[in-house]
1. With respect to Ile221, is the statement that it is surrounded by fewer than 19 Cβ atoms within 10 Å (Cβ to Cβ), outside any helix (DSSP H, G or I), β-branched (Val, Ile, Thr) and not assigned by TED's automatic domain parsing to the domain that holds Val125 true?
2. Please count how many residues of segment 25-58 are under 8 Å from the mean Cα position of the chain (by Cα) and aliphatic (A, V, I, L, M).
3. Can you tell which of Ser278, Ser254 is surrounded by 14 or more Cβ atoms within 10 Å (Cβ to Cβ), in a helix (DSSP H, G or I), at negative phi and of a type in the set (Ser, Thr, Tyr)?
4. State whether the residues of segment 240-250 include one that is assigned to a strand (DSSP E or B), in the same structural domain as Ala203 (by TED's automatic domain parsing) and more than 25 Å from the chain's Cα centre (by Cα).
5. If you go through segment 165-224 one residue at a time, how many are more than 22 Å from His251 (Cα to Cα), modelled with pLDDT of 85 or more and in contact with a strand residue (DSSP E or B) (Cβ under 6 Å, 6 or more places away or on another chain)?
6. Scan segment 100-153 residue by residue and report those that are within 21 Å of Leu84 (Cβ to Cβ), among the small types (Gly, Ala, Ser) and modelled with pLDDT under 90.
7. What about Phe194, is it in contact with a Lys or Arg (Cβ under 6 Å, 6 or more places away or on another chain) and over 19 Å from Ala33 (Cα atoms)?
8. Can you tell me how many residues within segment 100-137 are aliphatic (A, V, I, L, M), closer than 29 Å to Ala188 by Cβ and surrounded by fewer than 22 Cβ atoms within 10 Å (Cβ to Cβ)?
Amino acid sequence: MSINWFPGHMHKARKEIAEVMPQVDVIIEMLDARIPFSSENPLVPELRGDTPVIKVLNKADLADPAITALWVEHMEKEKGIKALPLTQQEPEKIKNLLALCHEMLPDRNFDVRGVRAMIMGIPNVGKSTLINTLAGRTIAKTGNEAGVTKSQQRIKLDNNVILTDTPGFLWPKLNPPSCGYRLAVTAAIKDTVFDYADIAMFAADYFIKAYPERVKARYQISDLPETEIELLEMIARQRAFVRKGGLVDLHKASEILINEFRSGLLGRISLETPEMVSAEIVLAAEEAEHKAKEKAEREEVRQARARRKYARKRS
């Protein structure tokens with residue numbers, strides 16, 4: 001199943017960001033440290049141009065630190081990019097962002113003009129909480145769900161920084177398809193958009209392969225289930241989610257697995273690595289090329305039939 005979520009206010013947000021971007025000196029792009037690629041909006045490079053970007057890998061306390069280090073190295077290979085893992089429990093490190101904004105503009109005379117920064121990111125990645133920390137007061141509305149911020153606002157911060165806050169927005173087509181699943185697993189997409197069992201199957205399969213010891217420790221088992229469905233059934237029976245006739249409630253088991261991942265009860269887990277994503281991009285491109293070829297062949301057959309039909313009519 002393909003997961004996409006692009007409501008009307010996100011389309012509006014994209015247009016408004018494009019209008020303001022020429023006035024921006026530095027972009028602060030908030031990413032989820034567990035999914036740095038999937039939470040990286042592909043529209044940002046298109047809108048950014050040469051504007052320097054600080055990529056904040058938020059929720060780093062929930063991500064695998066070794067994999068986060070790989071992502072930092074990977075991202076900083078690109079010119080004009082600085083990557084910074086953060087957690088909301090590090091207010092002093094968050095406030096260092098203001099000094100980093102100055103460092104990204106080495107040729108600027110800040111006595112003449114300060115820094116015009118823009119903060120961007122997908123829904124529910126922690127933008128509003130970070131803004132409140134930077135401002136030292138509650139300015140931005142926060143909430144543990146996607147799509148809380150609905151419009152732009154400008155905030156004057158210390159270090160002569162003017163910050164433009166923007167609504168979180170995704171993009172019309174989530175590709176590769178696994179991006180949509182990872183965004184759903186991490187709560188960047190509203191829970192009403194997807195089926196819990198569907199994304200839990202995706203997550204369970206990954207956890208079994210990538211973090212088997214975490215699964216064993218959390219659910220106190222010595223033998224790891226071989227398949228994702230077996231893991232969910234095991235969780236259901238452990239928590240007594242069994243209906244009449246002995247059928248397990250997979251929906252409740254799925255909610256448990258996803259919520260325990262989101263809260264960090266499964267441990268520090270990252271859902272993607274640079275190497276994994278590179279392979280997925282290649283595969284997605286090959287599949288897209290194959291589909292385009294099939295579509296062209298079908299169109300060629302359709303046109304050939306139309307030409308024959310037209311020739312018969314003329315004769």
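The values are calculated or read from the model by the stated rules, or taken from the named source; none is laboratory data. Worth saying up front: this structure is predicted, and the values here are computed from it rather than measured. Note that each Cβ is placed from the backbone with ideal geometry, even for glycine, and that neighbours are counted across all protein chains shown.
1. Details: surrounded by fewer than 19 Cβ atoms within 10 Å (Cβ to Cβ): yes; outside any helix (DSSP H, G or I): yes; β-branched (Val, Ile, Thr): yes; not assigned by TED's automatic domain parsing to the domain that holds Val125: yes.
Taking the combined requirement at face value, the residue satisfies it.
2. Looking only at segment 25-58, we keep the residues that are under 8 Å from the mean Cα position of the chain (by Cα), and these are 31-32, 35-41.
Now narrow it down to the ones that are aliphatic (A, V, I, L, M): 31, 35.
Qualifying residue count for the region: 2.
3. Values: Ser278 fails: surrounded by 14 or more Cβ atoms within 10 Å (Cβ to Cβ).
On inspection, the qualifying residue turns out to be Ser254.
4. Initial filter on segment 240-250 (assigned to a strand (DSSP E or B)): 242, 248.
If we keep only those that are in the same structural domain as Ala203 (by TED's automatic domain parsing) too, we end up with 242, 248.
From what is left, the residues that are more than 25 Å from the chain's Cα centre (by Cα) are 242, 248.
The answer is yes, given that some residue of segment 240-250 is assigned to a strand (DSSP E or B), in the same structural domain as Ala203 (by TED's automatic domain parsing) and more than 25 Å from the chain's Cα centre (by Cα).
5. Final tally of qualifying residues: 1.
6. Across segment 100-153, the qualifying residues are Gly114, Gly121, Gly126, Ser128, Ala135, Gly136, Ala140.
7. Values: in contact with a Lys or Arg (Cβ under 6 Å, 6 or more places away or on another chain): no; over 19 Å from Ala33 (Cα atoms): yes.
Answer is no for this residue.
8. Initially, segment 100-137 is screened for residues aliphatic (A, V, I, L, M), giving 100, 104-105, 112, 115, 117-120, 122, 125, 130-131, 134-135.
Checking which are closer than 29 Å to Ala188 by Cβ leaves us with 100, 104, 115, 117-120, 122, 125, 130-131, 134-135.
Next, from what is left, pick out any that are surrounded by fewer than 22 Cβ atoms within 10 Å (Cβ to Cβ): 100, 104, 115, 135.
Residues in segment 100-137 being aliphatic (A, V, I, L, M), closer than 29 Å to Ala188 by Cβ and surrounded by fewer than 22 Cβ atoms within 10 Å (Cβ to Cβ): 4 in total.
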